[in-house]
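**Student:** Sending over a structure as structure tokens; questions will come in a sec.
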Amino acid sequence: MAGTTATEREGTSRRGGTLYRGDLGMWSWVAHRITGVLTFFFLFAHVLDTALVRVSPDAYDKVIETYKNPVVNLFEVGLVGAVLYHALNGIRVMLVDFWSKGTQYQRPMLWAILGIWVAVMIPGTYFMMVRTVTDLLGGGH
């Protein structure tokens, strides 16, 4: 880029493209924000549906019955994945902020939390979905 003006360089990234596509750190930041918002909305909905028990126990029972749906079970797996990623990445962010070598090791720590996330989510998904799959295939009660 020697001999080019700032105007000519504007909009380019270090990868030579004209759009900033981000790197792993940017995507971990985006995922952290999204999982935080999803968790917040789940907690908000949970407070509302739990509050129904005082207003109308019958309405509460109907809402809880709708949660026994296979689609809701998939959402529950997604919720666990979101909360787990958000928690693990939050620990990584704290280490980057408060550990003197945190910035030096932020990428390996990200790969480590992703590995832990996968290692926990594989058996977790199995145990969360086994009853739903069994019920769908006719093997349930």
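Each value in this text was obtained by applying a stated rule to the coordinates, not by laboratory testing. Just so we're clear, the structure is a prediction, and the values are computed from it rather than from any experiment. Reconstructed Cβ throughout: ideal geometry from the backbone, glycine too, with neighbour counts over all protein chains shown.
**Student:** Under the Karplus relation 6.51 cos²θ - 1.76 cosθ + 1.60, θ = phi - 60°, what is the ordered set of whole-Hz ³J(HN,Hα) values for region 66-82, x standing for Gly and Pro?
**Tutor:** Ordered by residue, 3J(HN,Hα) equals 5, 6, 8, 9, x, 5, 5, 4, 5, 5, 5, 4, x, 5, 4, x, 5 Hz.
**Student:** Among 46-58, 120-132, what's the highest-first ranking by average C-beta atoms within 10 angstrom per residue?
**Tutor:** 120-132, 46-58
**Student:** Sequence gap at least 6, Cα distance under 8 Å: using those rules, report the relative contact order of region 54-129 to the nearest whole percent.
**Tutor:** 35 percent
**Student:** Scaled to the compact-protein estimate 2.2 N^0.38 Å, what is the alpha-carbon radius of gyration of region 19-132, rounded to two decimal places?
**Tutor:** The reported ratio for this selection is 1.34.
**Student:** Which length gain, in nm to one decimal place, applies between N69 and L52 when the Cα-Cα distance is subtracted from 0.36 nm times their residue separation?
**Tutor:** So the chain would gain 4.2 nm between N69 and L52.
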